[in-house]
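Computed from the coordinates by the stated procedures, all read-outs in this text should not be read as laboratory data. All values derive from a computational prediction rather than experimental measurement. A quick note on method: Cβ atoms are made from the backbone with ideal geometry, for glycine too, and the neighbour counts reach across all protein chains shown.
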Amino acid sequence: MTNGFSESAVSLVLEGLRRLEYRGYDSAGVATLDSRGLVVLKDVGYVDQVATRYRIGDMRGSVAMGHTRWATHGRVTQLNAHPHTDGSGRIAVVHNGIIENYLEIRADLSTQGVVFTSETDTEVIPHLLGRALASGCATLADAVRQVCPQLRGSYAFLALCMDDGGMMVGVRKDNPLVVGFGDSCVCLASDALAFAPYADTMVSLSDGEVVIVTPSSVRFTDLEGREVKEARVVVDCVWADTERNGHPHYMLKEILEQPLVLQKCNTLDDSTLIDTALEILGARQVVFTACGTSRHASLIGRYYFSKIARRFSDVVMASEFGYFSSSLNRQTVVIAVSQSGETADVLAGVKLAKQAGACVVSVVNRPSSMLAELSDHVIELGCGAEMGVAATKTFTCQLGVFYLLAHAMVNRLQRGRENVKAAGGCLEELLQQSNQRLAELARKLMGWEHLYYIGRGANFASAMEGALKMKEISYIHAEGMPAGELKHGTLALVEQGTPVVVICPNDETHAETISNAMEARARGAYIIGLSDVESPVYDHWIRIPAVAPLLYPVMVVVPLQLLAYHVAVARGCDPDKPRNLAKSVTVK
Ligand code: AGP
């Protein structure tokens with residue numbers, strides 16, 4: 001969601017929505033105040049599709065708000081798209097999060113005669129605001145402060161009322177909301193990326209804070225109406241770069257950036273890594289928590305800690321983390337890993353960890369994220385904006401960080417840095433060699449319904465990551481697992497020609513992984529081997545440069561990402577905006 005105060009507020013909002021579209025893209029909408037009053041245009045589709053369909057760019061008004069939706073409550077329909085309005089059509093609201101008690105509120109309002117037009121949880125907000133204004137609140141800001149205590153759940157919402165001369169009010173609880181200040185505009189958004197090119201400074205709202213913006217002022221209050229002083233910080237220019245730079249998709253651009261990202265990772269300062277390493281060494285138990293790709297990176301981090309620093313740790317999927325919270329205490333270090341720093345499951349786990357007195361180390365790509373705010377130590381990935389929904393460069397960078405951390409734990413940071421640097425060079429070579437061949441292989445695989453990925457040791461997580469990339473962007477069913485596990489059930493699904501991707505470095509896992517590949521081939525599998533050494537068991541060999549053995553996952557993930565990318569493109573799927581998904585999953 002975003003809004004601006006300037007003569008070209010609508011175009012500013014549209015531009016912001018395009019920059020935030022990776023967060024959700026099933027529908028989009030805009031509201032503005034013009035000479036006719038409050039005008040709302042919204043529909044199903046991408047921002048540009050909706051904007052063209054309704055000529056949104058032609059809307060005039062010095063205040064506007066917009067939203068791109070990722071459906072939670074209610075199907076993907078025009079009526080469910082935001083902004084939502086009250087019955088009089090005088091108040092518009094855009095909202096991120098979930099109002100958990102919306103059914104109760106809805107039932108209550110319905111008995112009072114309120115007619116709902118959507119199936120969303122959000123729609124209760126404008127109706128409640130309308131009633132608050134009708135029953136005596138002097139301004140929209142007063143109404144927002146009165147309504148918030150009635151809402152259970154999480155929210156960041158903006159409200160615009162045509163009666164208050166273009167006053168816009170924003171408030172947040174457990175969802176991000178930032179305010180950007182530019183030369184000729186004030187922008188409110190869920191992510192600074194929306195306004196990075198236009199704003200020089202910004203404020204991140206805390207839970208329960210309200211921002212009240214009029215054409216002549218910006219004020220911050222708490223829910224009781226007391227003024228709050230906010231410190232402005234400079235908007236980081238790194239986040240302004242959201243261009244594709246000539247690449248057909250963000251995902252390809254971001255895959256190609258990985259050698260650079262590894263070098264960048266090496267610039268993390270010694271003291272950040274050493275302080276965190278000491279914290280980990282001093283703990284009784286160390287637990288990673290993360291979702292999706294960040295969890296796969298954590299699984300590899302766990303191997304690094306064990307192999308390099310002889311330190312046992314565990315990885316708990318963030319959505320399951322809460323169920324283990326009774327075993328957390330002051331001697332626990334929780335390493336929360338998240339590209340966005342906004343993933344609701346991760347944030348929920350971290351809050352529980354803090355309550356138990358644990359120390360929280362976060363590894364994030366967004367330094368101003370809610371996760372960073374909650375953490376005792378923050379390691380910033382510094383990859384710049386990752387716009388493709390499929391995580392690529394941030395995975396590689398997370399691995400680089402864990403590798404360096406493990407070396408810092410045994411006082412061999414310099415050695416770790418040398419290996420990471422060398423891996424960056426090899427990655428460059430691999431990208432150049434393999435892209436074309438992978439595009440050809442993709443054409444062969446694009447018609448298959450099922451793919452399997454296997455590997456041992458740290459590369460079992462590489463296998464899972466390869467499978468995740470394939471299924472999320474190409475919609476082919478793919479499963480990754482430890483190679484030794486295949487014969488315990490999944491092998492039953494292998495038939496003549498079934499593609500099995502085998503990650504097989506020339507290390508301690510080699511001989512046994514080759515045996516597992518042979519078992520699959522004996523049942524008709526088409527074996528795609530990723531290895532630094534050839535084997536007759538491979539029907540197709542992808543040559544991986546030899547690197548320090550533990551950095552193999554950094555190497556193999558790149559061809560796996562490229563393979564998924566080319567299969568998706570060959571099947572006509574948009575790899576940047578896979579169906580049903582969003583980049584930041586801010587709901588549980
Ligand atoms: C990765 O390709 C996915 N889109 C997804 O699994 C993602 O990694 C997950 O949602 C976690 O996101 P985070 O790193 O921002 O917490």
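Quick notes
- Here the residues S474, S531, S8, S313, ranked from fewest to most Cβ neighbours within 10 Å of their Cβ, fall in the order S8, S313, S531, S474.
- Of K173/K588; K393/K469; K393/K588; K42/K469; K229/K351, those spanning more than 22 Å from alpha-carbon to alpha-carbon: K393/K588; K42/K469; K229/K351
- Most to least packed among 63-70, 430-437 [average Cβ atoms within 10 Å]: 63-70, 430-437
- Size-normalised alpha-carbon gyration radius of segment 345-444, reference 2.2 N^0.38 Å: 1.38
- At q = 0.17 Å⁻¹ the log10 of I(q)/I(0) for segment 415-555 amounts to -0.92, computed by Debye summation with a single uniform scatterer per C-alpha, solvent ignored.
- The largest-to-smallest principal axis extents of the Cα set in segment 170-289 are 48, 47, 23 Å.
- Adding -39500 (n - 2.57) for every DSSP H run of four residues or longer, then dividing by how many residues the chain holds, sets the calculated 222 nm ellipticity at -11500 deg cm²/dmol.
- Cα pair distances exceeding 17 angstrom across segment 461-521, given as percent: 40
- Long hydrophobic helices in the chain: the complete DSSP H runs spanning 20 Å or more by Cα along their own axis with mean Kyte-Doolittle hydropathy of at least -0.5 are 292-309, 393-409, 459-474, 552-570.
- Listed peptides 551-559, 521-529 appear in the order 551-559, 521-529 once ranked by packing, highest mean of other Cβ atoms within 10 Å at the front.
- For G24, the residues whose modelled amide H falls within less than 5 Å of its own, excluding neighbours fewer than 5 places apart on the same chain, are K583.
- Amide H within-cut-off set for F288, under 5 Å, with H built and near neighbours excluded: D314, V315, V316, I335
- At q = 0.07, 0.09, 0.10 Å⁻¹ the log10 of I(q)/I(0) for the chain amounts to -0.45, -0.72, -0.87, computed by Debye summation with a single uniform scatterer per C-alpha, solvent ignored.
- Evaluated over segment 281-349, the Cα radius of gyration and Dmax, each in Å: 11.6, 32
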